[in-house]
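A short write-up of the structure that comes next.
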Amino acid sequence: MAYKLREVTVRTNNSEEGTKVISEIWEDIVSGKLPILFDTEHMFQQGVSPVSKYSNYSSDESGDYDLTIMAVTAGFFRKMETAVSKGLYKKYDEKDESGEIGVCTRKAWEKVWLEQKSGNIKRAFTQDYESTVPGEYTKDGKPHCYLYIAIK
């Protein structure tokens, strides 16, 4: 009997050790070891996308938080766009011209932190979401990082 997980959660932070834990979890998901995108028989689950949820912040981005990696459907993104239109979240969309998904992710988070530091946004630190999309799945052929940041 095949099964799949809907999500996996780990308590971590943005330290070097914490980011290593995040990388290891992603490796386990992409390889199918944690059956979120694939079931236990290594069959890819059509119509799902991986999304990272950051929640249960101990303070701000410098403290511990829960990272949940979830399998979502298109309805999740429609729901988030509605939350953006209501002013509950701010959406960030960064891409990388050289094709590096890690670079566009770093650019997106740096933009959030810069806007936060300058006072342009006031983060709620409730639940934030990240979706990274490889270039082969985007209209412009570039990898994108979409962040949905909860704001006050």
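What follows is calculated from the coordinates using simple rules that are stated; it is not laboratory data. Everything numeric in this text was worked out from a predicted model, so none of it was measured. Don't worry about glycine lacking a Cβ; one is built from the backbone with ideal geometry, like all the others, and counts go over all protein chains shown.
Going by the structure shown, is residue 147 in contact with a helix residue (DSSP H, G or I) (Cβ under 7 Å, 6 or more places away or on another chain), aliphatic (A, V, I, L, M), surrounded by 15 or more Cβ atoms within 10 Å (Cβ to Cβ) and at negative phi?
yes
Scanning the stretch 1-21 for residues that are in contact (Cβ under 8 Å) with a residue 12 or more places away in the chain and among the hydroxyl-bearing types (Ser, Thr, Tyr), which turns out nearest to residue 45 (Cα to Cα)?
If we take residues in the stretch 1-21 being in contact (Cβ under 8 Å) with a residue 12 or more places away in the chain and among the hydroxyl-bearing types (Ser, Thr, Tyr), then 3 is nearest to residue 45 (Cα to Cα).
List the residue pairs whose Cβ atoms are under 8 Å apart, where the first residue sits in the stretch 60-87 and is aromatic (Phe, Trp, Tyr), the second is not in a strand (DSSP E or B), and the two are 6 or more positions apart or on different chains.
Listed pairs, sorted by first residue: 65/13; 65/56; 65/57; 65/58.
Among residues belonging to the stretch 1-46 that are closer than 17 Å to residue 109 by Cβ and among the hydroxyl-bearing types (Ser, Thr, Tyr), point out the one that is surrounded by the most Cβ atoms within 10 Å (Cβ to Cβ).
12
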